[in-house]
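Trainee: Before I ask anything, let me first share the structure, which is written out below as structure tokens.
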Amino acid sequence: MGASIDYHCHQEVAILPRVRHLFVLAAVATLWLLGTDTVMAQPASTQADAKPPRIASANWTTTETLIALGVTPYGVSDIANYNTWVKEPPVPPSTIDIGLRNQPNLELLAQNPPDLLLSSALFSRDNARLERLMPVRIVDNFYTGQPFYPATQAMTREIGDLTGHQAQAERLIDQTDQKLTRAAQSLADISRPVYVVQFSDTQHVRVFGGGNMVGTVLDRTHLRNAWTGPTNAWGYASISIDRLAETPDARIVVIKPYPRQVESELENNQVWQHLPAVREGRVSEIAPVWPYGGLVSMQRLTRSLVEVMTGSAGAPDA
Amino acid sequence: MSVSRGAKSPLWLVVVLASMALGLGYTTLQTQFGDLSGHWLQALVAPDDDSIRQVVMHFTFAPRLIVALLAGAALALAGCLMQQVLRNPLASPATLGVTSGAQLALVVATLWAPGWMLAGREWIALLGGIGATLLVFALSWKRRLAPMVVVLSGMVVSLYFSAINSALLLFHQESLSGLFIWGSGALAQDNWHDTRFLILRLAIATLAALSLLRPLALLDLEEDGAKSLGISLRKLRIAALGLGIFITACVVSAVGLIGFIGLAAPAIARLSGARTFSQRLVWSMLLGALLLTVTDLVVQQLSPFTASLLPTGAMTAALGAPLLLWLLPRLKIGGSRPTPSTGLKLPRLANPARRLWWLGLTTLVVTGLALTLGFMLDGAAAQAAHPGHGAQLRFAGLNDLGLIVDWRLPRVATAAAAGLMLAFAGTLLQRMTGNPMASPEVLGISAGVAIGVIALMLLPLGIAPLNGSIMGFCGAAVALLVLVVSNRRSGFAPERLLLTGIAISSLLDAMRAIVLASDDPRAQQLLSWLGGSTYYAGLTSSGWIMIIAIVLALMTLPLERWLTLLPLGAPTAKALGVDVDRSRLLLLTLVALLTVAATLVIGPLSFIGLMAPHMARLMGFHGARQQLIGAGLLGMLVMIAADWLGRNLFFPDQLPAGLIAALIGGVYFMWGLRRL
């Protein structure tokens, strides 16, 4: 429309340059105004059929919980990285990928809007805009003002309510509670404090404190967290590894995976090699688990911790 | 250049810094290793293996101190050599692309060839640094490695590589988080390997530099003078630059990116009175070593109080930038001599107006394509055929008008408006300063906006977009204020203005690196905004930004007389009746407004502002008005195309438009540079 108008102008008008670019500007402005008019005329997106609600999830924690409750989401974010970092439960094959976590693909969602988008407080800075496509609900276990464990339970219940899977939600909550209690019993004899860390590079680790999943699991199983220093909003601190000597008798639990070359470089790291825990064989590795996850990740972390703490006393060295 | 009063020498500065280093070093020992006092010497020389505290001191504190001294001196040496060879106070390892080349090589190796990393990351960094430099050489070879062309190529290569870096980091944040820390120059040590590595290389490089001392000193003469003394300029430049790159790559591979020292130390040495090249070399190395060490000690003092890492390299920039800004008004570069692009043979068009119309038409066609072509869901059957997201690339029909208007038009319009404004800002700057390296980012305005927005992200003030614009405006206003205050006395001389801008931009770099290294999950969001995403554009906001762009563009067009006369140099322009100071101030204000508006919606991307005016010139638009319009159209064209690619290339994942613009624009630009 606008294009053709402008094209004709250009054919007829071989006039002063000043007038010419005014035409270009006018054409651009017209195009834009045409655009706004159509918006006004455009009815809100329609949704008709009342089958089971189609849910999309922007955050891995809600994705994990949805799938654990037996819901097959319509779409979830960044499936490839979910498979690397969260792993379980697996994403059903019919679920589509809706793009990166902080920027769900709106062109895609607009073509067949789900009945509900679950988003995290961290990722959704423009909910008003998303609300034009579909109802958006911020479901999160951080930023709630509550301690992490009740917040995660509340989040699970909320997802159960929203999807009509209340019973499954209660079952997951009870199951997690029981597993934590059982883990606490089998770990009752252990008084040694523990650092739970993830390597960032050879010299730095994320060490987990309270207020997150790791802190919760340690708390509920009555393990003593060796890290008592300051942490950020997600309950961890990035520190250089020599600070792991501040509690000399602690055990160090490393959440895998190691960043690529770190495992081999640790052999030359004199500070690491001289850490009391390393010299005395008190370092254990556990399988990859999403440390900011929901109840499923929490169960997996608990299981791994119990395994390395109670299994062989001198667990595999790094 | 005459010495103003007495025998000024950087000695006082070195003494001040050295006593700071001693004081801070002692304090650090007291606070961190107070429990060992009395055993300090033993811990340093022969630690007791059973005392972890002594081991920590022996393998972290001591090598870190020495590595800081060595790395600082090495970078200063590299910067000094580069500045001398290119006779340009803006040259440094970072502006020549060496550091981003090294980083890119490491990121690529980490992702796709982890086996190579076993051979040693330093060698991969070295390869990357050399590769970047060879590219820079290839781009500037035809111009016989002329200083300005080399630096221009270096900045382009640098921008290009960091764009690729950012794209990779966006997709692999979790796997690359360690590289963020390295990328921001954390100096932490865990053995003596880096110290031995650096001490040997620095010794070799210093000896080599000393052997080049005499011929390099002759470069202080004008180029023709040096030539007539029988020096092979090309060989000399290659040797000295090669040396600078070698030592930079060594530092980068050992301790990460510490860019600012290489730029700042030689500049500070020159400003505080070192005149001859050998004086500059010696004082720069001392200053560089001490600057980095003092910064690192301050960082170590602060680190027990924070949950996140404070990377020393980035902190160096944060502390060094204000220092440079303070020193700038005291800078004595030889007058406001314009650096016209001598010897550039560009095509002159018989009929540029016709080409402008073609360009306009192309822009319209591309806009139409960008609006209509995209990934569409095709029902259940197609969904089965396209697992993953169930959509395929095709033109939208009339039924999809709502989709186009609601979700595509705002992004296309925002991209176009931002492209237009940045192109105008870049054209204004380049004509005003007569410097082909000028662009909104070099001026530091977009950095100011970004600093404001990052500050907002980190402070718990709520995340309303309104706050973002207010903070962005504050940042831009402060940047502008700094620019004006530190340049008014010199009448906004081009080189000084650019150097001020670079100092401000380096502050942004520092903040960005600190945020990324702080291991904060919000880093992803920040990275995407910094890359220039149109994701958050809505109809209202894109309408406003369009109106702002058009109004500002209309305000700019009548200024063509100034834009024609200013590139001729201040004296000529003055003689022709231009009030140089007033016109520069006004144009600067216009540039600031254009940049603020563009940056707020699309992040501090700079490539369009640098590239569009150049592309316009390469296409033959020489007159001020033609260049403005040509650049504006090209800016829109490239941004719209970039936005489309960003939305569809990795559907449903989306890349920021600014990033893609840098990626496509860079290739064209390098090709154009080669033809210069």
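The values are calculated or read from the model by the stated rules, or taken from the named source; none is laboratory data. Note that the structure is a prediction, hence the values are computed from the model and not measured. Cβ atoms come from the backbone with ideal geometry, glycine included; neighbour counts cover every protein chain shown.
Trainee: With the condition being among the aromatic types (Phe, Trp, Tyr), I'd like the helices (runs of 4 or more DSSP H) fully within region B:1-96 carrying at least 3 qualifying residues.
Mentor: Hits in region B:1-96: B:11-33.
Trainee: Test B:Ala68 against the criterion of being surrounded by fewer than 24 Cβ atoms within 10 Å (Cβ to Cβ), within 30 Å of A:Thr247 (Cα to Cα) and at pLDDT 85 or above, and give yes or no.
Mentor: Taking the combined requirement at face value, the residue does not satisfy it.
Trainee: Let me ask something else. Give the residues of region A:80-91 that are modelled with pLDDT of 90 or more and within 8 Å of chain B (Cβ to nearest Cβ), sorted by residue number.
Mentor: Answer for region A:80-91, where residues must be modelled with pLDDT of 90 or more and within 8 Å of chain B (Cβ to nearest Cβ): there is none.
Trainee: Of the numbered conditions (1) of a type outside the set (Val, Ile, Thr); (2) within 12 Å of chain B (Cβ to nearest Cβ); (3) surrounded by fewer than 22 Cβ atoms within 10 Å (Cβ to Cβ); (4) in contact (Cβ under 8 Å) with a residue 24 or more places away in the chain, A:Ala277 satisfies every one except a single condition; which is it?
Mentor: Failing condition for A:Ala277: (3).
Trainee: Does A:Gly70 qualify as being within 9 Å of another protein chain (Cβ to nearest Cβ), more than 13 Å from the chain's Cα centre (by Cα) and modelled with pLDDT of 85 or more?
Mentor: Judged against the criteria, A:Gly70 is not a match.
Trainee: Could you tell me which numbered condition B:Ile547 fails, if it satisfies all but one of (1) under 28 Å from the mean Cα position of the chain (by Cα); (2) free of Cβ contacts under 8 Å to residues at least 24 places away in the same chain?
Mentor: Answer for B:Ile547: the failing condition is (1).
Trainee: What number of residues in region A:248-274 are part of a loop (DSSP other than H, G, I, E, B) and either within 11 Å of chain B (Cβ to nearest Cβ) or touching a Cys at 6+ places or on another chain (Cβ under 6 Å) (or both)?
Mentor: Residues that pass the stated criteria total 7.
Trainee: So how many residues does region A:275-292 have that are charged (D, E, K, R) and in a loop (DSSP other than H, G, I, E, B)?
Mentor: Summing the residues that are charged (D, E, K, R) and in a loop (DSSP other than H, G, I, E, B) in region A:275-292 gives 2.
Trainee: Looking at (1) within 14 Å of another protein chain (Cβ to nearest Cβ); (2) over 29 Å from A:Pro104 (Cβ atoms); (3) in contact with a Phe, Trp or Tyr (Cβ under 7 Å, 6 or more places away or on another chain), which one does B:Leu587 not meet, given that it meets all the others?
Mentor: Going through (1) within 14 Å of another protein chain (Cβ to nearest Cβ); (2) over 29 Å from A:Pro104 (Cβ atoms); (3) in contact with a Phe, Trp or Tyr (Cβ under 7 Å, 6 or more places away or on another chain) one by one, B:Leu587 breaks only (1).
Trainee: A further question on this structure: Across region B:250-284, what is the number of residues that are in a helix (DSSP H, G or I) and over 16 Å from B:Ala91 (Cα atoms)?
Mentor: So the answer is 10.
Trainee: Anything in region A:40-65 that is modelled with pLDDT under 75 and either part of a loop (DSSP other than H, G, I, E, B) or under 30 Å from A:Val296 (Cα atoms) (or both)? List them, or say none.
Mentor: Matches in region A:40-65: A:Gln42, A:Pro43, A:Ala44, A:Ser45, A:Thr46, A:Gln47, A:Ala48, A:Asp49, A:Ala50, A:Lys51, A:Pro52.
Trainee: Something else: Can you name every residue in region A:92-134 that is within 12 Å of chain B (Cβ to nearest Cβ), surrounded by fewer than 21 Cβ atoms within 10 Å (Cβ to Cβ) and aliphatic (A, V, I, L, M)?
Mentor: Correct list: A:Ala110, A:Ala121, A:Ala128, A:Leu130, A:Leu133.
Trainee: Only one of B:Ala553, B:Ala597 is touching a residue at least 12 places away in the same chain (Cβ under 8 Å) and crowded, with 24+ Cβ neighbours inside 10 Å. Can you tell me which?
Mentor: Being touching a residue at least 12 places away in the same chain (Cβ under 8 Å) and crowded, with 24+ Cβ neighbours inside 10 Å holds for just one of B:Ala553, B:Ala597, which is B:Ala597.
Trainee: List the pairs whose first member sits in region B:395-413 and is more than 7 Å from chain A (Cβ to nearest Cβ), whose second member is of a type in the set (S, T, N, Q), and whose Cβ atoms are under 6 Å apart, counting only residues at least 6 apart or on separate chains?
Mentor: B:Phe395/B:Thr372; B:Ala396/B:Thr372; B:Pro410/B:Ser542; B:Arg411/B:Thr534
Trainee: In the set B:Leu393, B:Leu401, which member is surrounded by fewer than 24 Cβ atoms within 10 Å (Cβ to Cβ) and assigned to a helix (DSSP H, G or I)?
Mentor: Of B:Leu393, B:Leu401, the one residue that is surrounded by fewer than 24 Cβ atoms within 10 Å (Cβ to Cβ) and assigned to a helix (DSSP H, G or I) is B:Leu401.
Trainee: Quick one: in region B:615-674, which of the residues that are among the polar types (S, T, N, Q) and touching a strand residue (DSSP E or B) at 6+ places or on another chain (Cβ under 9 Å) is farthest from the other protein chains (Cβ to nearest Cβ)?
Mentor: B:Asn648
Trainee: Additional query: From the residues in region B:271-285 that are of a type outside the set (A, V, I, L, M, F, W, C) and at pLDDT 85 or above, which one is nearest to B:Ala18 (Cα to Cα)?
Mentor: B:Ser284
Trainee: Sort out which residues of region B:503-547 are at pLDDT below 70 and assigned to a loop (DSSP other than H, G, I, E, B), and write them in order of number.
Mentor: Answer for region B:503-547, where residues must be at pLDDT below 70 and assigned to a loop (DSSP other than H, G, I, E, B): B:Ser518, B:Asp519, B:Asp520, B:Pro521, B:Arg522.
Trainee: Starting from residues that are aliphatic (A, V, I, L, M) and buried (at least 18 other Cβ atoms within 10 Å of the Cβ), keep the ones in region B:131-145 and report whichever is modelled with the lowest pLDDT.
Mentor: Filtering region B:131-145 for residues that are aliphatic (A, V, I, L, M) and buried (at least 18 other Cβ atoms within 10 Å of the Cβ), the one modelled with the lowest pLDDT comes out as B:Leu145.
Trainee: What number of residues within region B:570-582 are surrounded by 19 or more Cβ atoms within 10 Å (Cβ to Cβ) and in contact (Cβ under 8 Å) with a residue 24 or more places away in the chain?
Mentor: Within region B:570-582, residues that are surrounded by 19 or more Cβ atoms within 10 Å (Cβ to Cβ) and in contact (Cβ under 8 Å) with a residue 24 or more places away in the chain number 2.
Trainee: Moving to a separate point now. May I ask you to verify whether B:Val56 is within 14 Å of chain A (Cβ to nearest Cβ) and touching a residue at least 40 places away in the same chain (Cβ under 8 Å)?
Mentor: no
Trainee: Helices (runs of 4 or more DSSP H) wholly in region A:81-185 with at least 2 residues that are within 20 Å of A:Tyr292 (Cβ to Cβ) and of a type in the set (A, V, I, L, M, F, W, C) - which ones?
Mentor: A:148-163
Trainee: Sticking with this one: Out of all the residues in region A:208-220, is one or more in contact with a Leu (Cβ under 6 Å, 6 or more places away or on another chain), farther than 22 Å from B:Phe59 by Cβ and either crowded, with 21+ Cβ neighbours inside 10 Å or within 12 Å of chain B (Cβ to nearest Cβ) (or both)?
Mentor: Checking region A:208-220: at least one residue is in contact with a Leu (Cβ under 6 Å, 6 or more places away or on another chain), farther than 22 Å from B:Phe59 by Cβ and either crowded, with 21+ Cβ neighbours inside 10 Å or within 12 Å of chain B (Cβ to nearest Cβ) (or both).
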